[in-house]
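Below you'll find the structure, written out as structure tokens, and then a few comments.
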Amino acid sequence: MENIIVALITGVCAVVGQYLISQKKTRDDEIKDAQREQKQLDQLEAMDERFKVIEKKLDEHNGYAEKFGEISTSIVAIRKDLEYLKKEV
């Protein structure tokens, strides 16, 4: 009878021990998952900021392209003016 009681107590202790170990591992895994997710979110935010900077620079670049187009038109007008002045002289 004593052997059965000792075996039951040992079995219950083993089950409780395994349960506690499992709970700790689950908590540790959840913490690691949360840390990994936060790191990924931080990386996404950093990429979003870099994208915004690149987009701003692209808009500036496109603005310069428009200005060069305007300059080209102005150069053509200046050349025509010079041609008219040369003909008058």
**Study point:** Members of region 46-89 found to be β-branched (Val, Ile, Thr) and under 40 Å from the mean Cα position of the chain (by Cα), listed by number
**Key:** 53, 54, 71
Review point. Looking at region 31-43, is at least one residue of a type in the set (S, T, N, Q), without any contact (Cβ under 8 Å) to a residue 24 or more places away in the chain and surrounded by fewer than 10 Cβ atoms within 10 Å (Cβ to Cβ)?
Key: no
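Coordinate-derived values only; no laboratory data. Quick caveat, the model's predicted, so the values are computed rather than measured. Heads up, the Cβs are rebuilt from the backbone with ideal geometry, glycines too, and the neighbour counts pull from every protein chain shown.
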